[in-house]
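The structure appears below as structure tokens.
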Amino acid sequence: MARLESELPPQQFNTWIRPLQIPDTQPPGTLRLFAPNAFVLDWVKKHYLQNIESYLLEYDNDSAPRVRLEIGTSRKPHTATETRHISEAKYDKTNNNHDSEDLLININRTFTFENYVEGKSNQLARAAGMQIGKSPGTAYNPLFIYGGTGLGKTHLLHAIGNLIAKQIPHYKVLYLHSEGFVTEMVKALQHNTIDAFKQRMRSVNALLIDDVQFFAGKERSQEEFFHTFNALFESQQQIILTSDRFPKEVDGLEDRLKSRFGWGLTVAIEPPDLETRVAILMNKAQKLFAVELPSEVAFFMGQRVRSNIRELEGALRRVVANAQFTGRPITLDFAKEALRDMIAAQDKVITIENIQKIVSDYYKIRSSDMLSKNRSRTIARPRQIAMALAKELTNHSLPEIGNAFGGKDHTTVLYATRKINELKETDNRISEDYRNLLRTLSH
């Protein structure tokens, strides 16, 4: 595995290779590798198995073992009885004056996996969260989830917390926004109760911290959280963190914290694709408003509101409220009318010309470079990203997009779109850039 770690980008290694485990017992001539779930297993088989086998051949060409991937874990989890006894012992020792409701601290009971809509954009994060919920402290620790505002990170945190509580009723699960952690610590310092604060943070079985980027620049808070992290990690208690960006790209965070955040599994939540946006709209219409949203209305809204789930919900609330106030049925024409101001404002922003300008400014190149024949990487890659964004965010055809980029052929646009979609899966920098640009253009 050391060879792969030296050759792969850290995010790829931490996401796909680090979770693999080697069981103690191995059949003759075989190297069994355990993957935590089917999603990781399939990805490793497709993208890394050939590399692993070739490295084994280089090491010993004559007797290299055959690699066999399976779903499982080499760490023996507690049995149900053992888990109950351990958790009850902790419960009796530290919480004997509280009822079981007190063990779920700040967890929103309505945010569950049952109402968390799965799509390609959040598939790995959801799978990892489910695994942790069923076996906290043994699957991925810490779990670091990153992605833009309004993409469902907080919902997923609470869903994991609720699942942990369901699986192990006496586990103490604490959710805090990072600013809440800072506020509580400052109050503890003011009232000379810092020891009690430390005990509270370090006596939980699962600590869920939202938006860790707000720790940036707060040295005393980072110092305290560093020691809290270490205490929980060493006692195999579960830690789950979220941020709006990849951990190493959070300015103002100490390197030792960034390093620890990468010890477990780091996963991204992307903006949802069209099908997921439609599913989210129909799900929320039913759950929040008891409304059956017509599919053509859901597809229209999903196509026009692309930035994040929060804005999708805002658009849905506007449509439903208008229908309730006017007594009119929700039809496609009605939805277009209710959202016309939002759509008009968005259409002013999302033009091919504006996409070219925003991408050029982001990469610090000239707008005219977008139209040139320059094929150097520093120009070609931003141009491909701009083409992919134009295809996703506008209704222009491939020939029209190509023509707007200096008379390029439609096949060039198609190639650019496919290339960027591939790189978003394998190159963390491209993925992060694309998300940043998508958020800028969609607001």
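The values are calculated or read from the model by the stated rules, or taken from the named source; none is laboratory data. Since the model is a prediction, treat every value here as computed from it, not as a measurement. Positions of Cβ are generated from backbone atoms using ideal geometry, with glycine treated the same way; all protein chains shown enter the neighbour counts. Calculation scope for accessible area: heavy atoms of the full protein, side chains included, ligands and nucleic acids excluded. Shrake-Rupley method; radii C 1.70, N 1.55, O 1.52, S 1.80 Å.
So here's what we get for this one:
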quantity: Backbone HN-Hα couplings from phi across the stretch 401-407 [Karplus 6.51/-1.76/1.60, Hz, Gly and Pro as x]; calculated: 5, x, 4, 6, 9, x, x
quantity: Square roots of 5 times each gyration tensor eigenvalue, C-alpha, the stretch 214-364, largest first, Å; calculated: 41, 22, 13
quantity: Label point distance in nm, HIS410-ASN322, each placed 7 Å from Cα along Cα→Cβ; calculated: 3.3 nm
quantity: FRET efficiency estimate (nearest 0.05) - Cβ-Cβ, GLN303 to GLU223, R0 56 angstrom; calculated: 0.75
quantity: Equivalent-ellipsoid semi-axes of the stretch 144-195, from the Cα gyration tensor, Å, largest first; calculated: 26, 19, 6
quantity: Computed P(r) (all Cα pairs; the stretch 99-189; 10 Å bins; percent); calculated: 16, 46, 31, 7, 0
quantity: Loop-resident sites, the stretch 282-374, for GluC sites (Glu not before Pro), counting at most 11 other Cβ within 10 Å (DSSP); calculated: GLU292
quantity: Within the stretch 424-443: backbone nitrogen closer than 18 Å to the LYS364 label point (7 Å, Cα to C-beta); calculated: 429-430, 433-434, 437
quantity: Rounded accessible area of ILE330 (nearest 10 Å², 1.4 Å probe); calculated: 30 Å²
quantity: Nitroxide proxy distance, nm - points 7 Å out along Cα→Cβ at LEU288 and THR331; calculated: 2.5 nm
quantity: Area of GLU179 that stays accessible when all protein chains are in place (1.4 Å probe, Å², to 10); calculated: 90 Å²
quantity: Residue order for TYR363, TYR140 - accessible surface, 1.4 angstrom probe, largest first; calculated: TYR363, TYR140
quantity: Long-range Cα-Cα pairs in the chain (distance over 30 Å), rounded percent; calculated: 54 percent
quantity: With DNA, RNA and ligands ignored, accessible area of LYS45 (1.4 Å probe; Å², nearest 10); calculated: 110 Å²
quantity: CD proxy at 222 nm, helix term only [per DSSP H run n ≥ 4: -39500 (n - 2.57); per residue of the chain; nearest 500]; calculated: -17000 deg cm²/dmol
quantity: Nearest 10 degrees, 0 to 90: helix 123-134 Cα axis against the chain principal axis; calculated: 20 degrees
